[in-house]
Structures are given as structure tokens and as C-alpha cells.
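Below is one structure, written out as C-alpha cells; comments come after it.
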4 protein chains.
Amino acid sequence: MKFEPKSDTYKKKVKESFERQEFMKLINAQLIDVRPGYCEIHVPYHSSLTQQHGFFHAGIISTIADNAAGYAGFSLMEENSSVLTVEFKINLMAPGDGELLIGKSNVLKNGRTLTICTSEVFISKNGVEKLCAAAQLTLIELKNSSDQK
Amino acid sequence: MKFEPKSDTYKKKVKESFERQEFMKLINAQLIDVRPGYCEIHVPYHSSLTQQHGFFHAGIISTIADNAAGYAGFSLMEENSSVLTVEFKINLMAPGDGELLIGKSNVLKNGRTLTICTSEVFISKNGVEKLCAAAQLTLIELKNSSDQK
Amino acid sequence: MKFEPKSDTYKKKVKESFERQEFMKLINAQLIDVRPGYCEIHVPYHSSLTQQHGFFHAGIISTIADNAAGYAGFSLMEENSSVLTVEFKINLMAPGDGELLIGKSNVLKNGRTLTICTSEVFISKNGVEKLCAAAQLTLIELKNSSDQK
Amino acid sequence: MKFEPKSDTYKKKVKESFERQEFMKLINAQLIDVRPGYCEIHVPYHSSLTQQHGFFHAGIISTIADNAAGYAGFSLMEENSSVLTVEFKINLMAPGDGELLIGKSNVLKNGRTLTICTSEVFISKNGVEKLCAAAQLTLIELKNSSDQK
């Protein structure tokens, strides 16, 4: 699907919001790509991000599925809007066993109030990517609401 | 609902598994309570866990909703089983604006293969608790499967 | 939780809306109870409502989980609002093997725009009720929008 | 994705199971296509299938999202297996305002025990198709279990 951004500054807006998220720094998440209705976030492996088997924790997988969707949706929102996740559902399909987690999200529907996205999270091991999780998310656009503290 | 654990060592099993999760250390999550079919996890506020408004990141809220459920379910599984989250759905109902995040999960159904849980996450601010998120989760019990690396 | 209805006529409004749903007639669904933030719907067994094993079809179970939530939420909305389901998630936990399906829904949060509900569906067999499904739903209130064709 | 069926008779198995579902007859649902990991079901408009605005009821939309997924998954299961929906999540994105409801489902992952599918439901009005709903579903394969009463 092809979307038109409502704001010229959508990339800058997403980038600055991402940078304001301290949690992204903690897990060393990187904003790789933002286009209208699309966002991609990577997280390199680090032992501090793991569950009991030494793989990426489901919490990290969910975090980037959610965050990629939030910014895919945010890219289509108005200049003075902020975004919140209303809810999401995620299926964890393969262990996060690899050196890089790749979250990609696409907007499915950009409504006046609500935006629906799907996210896929891939795990890359020795350069081979595998589908690790799939999510479906609902965002709400808060008009005239600041994205800052 | 009242559940009978299948293993005498369920508390020890949960505690040791929780301690093997490096990500729990990173976010300073604390295992507060484990009973048959119930688990409670707390995360004190820290600026490194925040989103753009300075509140707990949805990824942290989701992480403890999922982890509390995983261990509520694990408490009812057999001695030599390990547990995986199949999927979950979470509604984020209030911002994580407070000094302590409290995740509580109860098993709704403990089947032979699948276990269904509900989790509630509360945010405590100045000692007042507010419902922040509600989740519904599906776990799978992997028999004769190690919980370690 | 205790909710205050915003409209005196909430019961009448729900009852009339329910009666306008032709599909409720087709499956012989009965609106049993409406209170502020609560709704209960029953569907007696009929062979036309079954899946391949002769039990209530998951589609019927989902239908009453959704409809009970829709009307639990609608009971709290303004006089001139209509309601739509944004999304729902349902876990099917036991076969719909019995003579009566009972859907009960409670509002968890009644926000300005969005309302979150949980529904439980019970199957009654020889007078014994069993939890058959649990759902979590998001509704949207459309202000100044007719509930009719 | 390309899947190999485990049974030569997968089409016959799906067709016969579909025909055993009395509820499919009640709503006049038609099994349009079955391929390995894919299923398509149509429901023509009828006033008995409507909600209060005269559109297809969300219960019908959910029913075909679920049933298309169930048979997409069933097409990949073993000869003597039966299938159950564990859970699903659906976003309703546009009203079911049209003359034909089209449910299409694809298997995302076919595991040993669990199968994950995505379903899309389109509404066709005057020959124009519009995305009406998107769902994500988890199925369980019950080995050596009859698909009949």
C-alpha cells in the first residue's frame, strides 16, 4: 500500500521521538528506516537482552514489534499529533536465537482516529533471516498533543 | 481458581528460571510472589525504561505482563518441562506514569499442552495503584525440555 | 467496578439496538441482562449452529463474546452515540458442547473515545456451567451517530 | 510461502469437514478454494446476517476469518488429525457494507503442534473489494482425532 504523509517533517518527527525514548538507548535499538506508513528497527544481540535460554527475550521482540508499528503509524499523522498504542497481539513463532533482531512494520489502515499496523520481527543468524514473530496493532492519534514531556 | 502444582519444587524452579533471564536484571525486575497459578513481578521506575513522555515504555509493560504469565503458568507445569509464550494480546489503558510497575498474572486454564493466563499491570504513583494494562496469553508446555541454555 | 450511565434510557437503547440485529434473530440469541457496564446474552443449542463435531460453532461463541461486549460498552455511552467494535481477541478453551451458551461481558475501562471490555462465554451442559471462551475487546464510541440504518 | 500437504486427500478432507458444519449452511457460506496452506470462503449478503445498520454482522465477519484459517491450516495437517482454533484476534476496519463477504486465509507457520494463520476479509460492493477485517489466528493439530461426531 502507498501512503501520503500529512507532514513534510515526518522523518524528523519520528527520528526525534525515537531519540527521546530512553529505553531504546538501553537496549541499543537502531532506527534503520522510516517511510510513509513503514518503519524498521534493529536490535543487535547482547547478553543483557536474553531470557533463560540465552535468546532474545520475548519482551524485546514485543518492544520492537510495537515500536516499529508506533513509528510506522506516526509517520502518517499530523504535524501536531502524538501517538499511543491502544493494544497489540503478537505470535512468537521461533526463538530469538541469532545476532540481530529486525522489526518491520507496515500500516494496514490509517483512519482519522485509529491506525492499524502489522509488524514482523525477523531473527538473523549467520546472515540468514527467519520469521520470529508477527503482530497486529491498533494505534490512536492524539491531535494537538505533544510528543514530549 | 485454585490449582495444585504438579511439582514440589515449583517455587524454586520459577525463581531459578527468573534469575537466568538477564533481561530481568537489566530492567531491575523483581519476582515478588509465586503461588500455584499466580505470579507477581515489580519494576521500579528508572529513566532508562521510558518512552518519549518519560513514562514506562510499553515494551516494559508488555514484558512484565508476559513474564508474570509465563511464570504463573510455569508454576503448574511438570518438573522437567519448560515453557514458551505462544502469543499474547495486551490493551494499554493508562500511561505508565508512576514510580512502580506491578504485574500480576493468573492462570485461567491449565491444559495438557496449552495454558491460558490473564495479566494485569498496575502503575503505582504516590502509593495509588491504577490499572495500566490487561493482557490475555497462551503458553505452551514443552515436556522433557530444559529451561537452561 | 461500578459505572454510572450517561443516559437514563441506556436499557431501552441497548434493547432496541439488539432487536435491530437480524443476525441475533437468526441464531435465536436472547438479551438476558443489561446493567451499566455489563451485558449478558444467551443462545440455546440448535443443530443449525454447529461445527463438524456437533458443538456450538466458534463463530457463534465469538459472536456472543463480541455482542455482549458491544452492549456492555454501549450501556455507558451518550444518548446520541453509536458503537463499533474496533478489535477483539478470543481464546477458545473448551468445546461448545452443551445446551446453552452464556455470554457475559464487563467494561474494564470506559474512556472518552475507546472502551475496553472483557467477555466470558460459558457452556451449560446438564445444568453445569463451564468456561468455554474468554475475550478482550476494544470498542469505539461514535458521537452523534445513529444506531439505525 | 509454499507448503507441501502431508496428505493426498487434503482437499476432500477439508470439503467434507466444511459440509459437516451446519452453521455454514445456515449462513450460506461457500468454500471457494482450498490449496496447501490457503483457503477462501464467501458469504453472499442476506438480511438475516446483519447488525443494526443493515451491514454484515461482526460475528459473520469473524466466523469466516476463523473458518478460512481453520481450513487453511487443516489442509496441511496429517490424514488422521483434526483441528481446533486455540485463539484469534481480529481488527474490524470497515463496515461489512456490500453484497459479498470474502474470507482468505494463509498459513504463516505450520508447526508440529501449532499452526499460525493470517486471514483477510474483504467486502465487495458493486464489484469493488475493500479490506474489511484482518485477523491473526493460532490453531492446534489434534493427532489421531476424528473430525466427525
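The values are calculated or read from the model by the stated rules, or taken from the named source; none is laboratory data. Predicted, not measured: the structure shown is a model, and the values here were computed from it. For neighbour counting, all protein chains shown are included, and Cβ atoms are generated from backbone atoms with ideal geometry for every residue, glycine included.
Odds and ends about this structure:
- Within the stretch B:131-149, considering residues that are assigned to a loop (DSSP other than H, G, I, E, B) and surrounded by fewer than 19 Cβ atoms within 10 Å (Cβ to Cβ), the one nearest to the other protein chains (Cβ to nearest Cβ): B:LYS149
- Exclusive hit being touching a helix residue (DSSP H, G or I) at 6+ places or on another chain (Cβ under 6 Å) and of a type in the set (Phe, Trp, Tyr), set C:PHE74, C:PHE3: C:PHE74
- Restricted to the stretch A:1-30, and to residues there that are aliphatic (A, V, I, L, M) and under 15 Å from the mean Cα position of the chain (by Cα), the residue that is nearest to B:PHE55 (Cα to Cα) is A:MET24.
- Some residue of the stretch A:52-59 being closer than 21 Å to B:ILE64 by Cβ and aromatic (Phe, Trp, Tyr): yes
- The stretch D:91-117 - residue that is facing another protein chain (nearest Cβ under 7 Å) and among the β-branched types (Val, Ile, Thr) and, of those, surrounded by the most Cβ atoms within 10 Å (Cβ to Cβ): D:ILE116
- Check on A:VAL83, more than 9 Å from chain B (Cβ to nearest Cβ), farther than 30 Å from C:LEU108 by Cα and β-branched (Val, Ile, Thr): no
- Residue in the stretch D:96-108 that is outside any strand (DSSP E or B), of a type in the set (Val, Ile, Thr) and at pLDDT 95 or above present: no
- Subset of the stretch C:54-73 (residues that are hydroxyl-bearing (Ser, Thr, Tyr) and more than 7 Å from chain D (Cβ to nearest Cβ)): C:TYR71
- Cβ-Cβ under 8 Å pairs, at least 6 apart or on other chains, the stretch D:1-22 side more than 22 Å from C:GLY59 (Cα to Cα), far side in a helix (DSSP H, G or I) and at pLDDT 95 or above: D:SER7/D:LYS13; D:TYR10/D:PHE74
- For A:ASN106, the criteria (1) more than 18 Å from A:THR85 (Cβ to Cβ); (2) in contact with a Phe, Trp or Tyr (Cβ under 6 Å, 6 or more places away or on another chain) hold in every case but one, which is (1).
- Residues being within 20 Å of D:ALA135 (Cβ to Cβ) and more than 12 Å from the chain's Cα centre (by Cα) - total across the stretch C:85-113: 8
- For the stretch C:118-130, the set of residues classified as among the hydrophobic types (A, V, I, L, M, F, W, C) and surrounded by fewer than 16 Cβ atoms within 10 Å (Cβ to Cβ) consists of C:VAL128 only.
- Where a residue in the stretch D:134-146 is more than 23 Å from D:LYS104 (Cα to Cα) and its partner, wherever it lies, is aliphatic (A, V, I, L, M) and surrounded by 16 or more Cβ atoms within 10 Å (Cβ to Cβ), with Cβ under 6 Å and at least six apart: none
This table checks each residue for (1) within 13 Å of another protein chain (Cβ to nearest Cβ); (2) surrounded by fewer than 24 Cβ atoms within 10 Å (Cβ to Cβ).
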| residue | (1), (2) |
| --- | --- |
| C:SER7 | no, yes |
| C:TYR10 | no, yes |
| C:LEU26 | yes, yes |
| C:GLN30 | no, yes |
| C:ASP33 | no, yes |
| C:ILE41 | yes, no |
| C:GLN52 | yes, yes |
| C:LYS89 | yes, no |
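- Elements of type helices (runs of 4 or more DSSP H) in the stretch C:1-86, at least 2 residues being within 20 Å of C:ILE140 (Cβ to Cβ) and modelled with pLDDT of 95 or more: C:10-20, C:58-74
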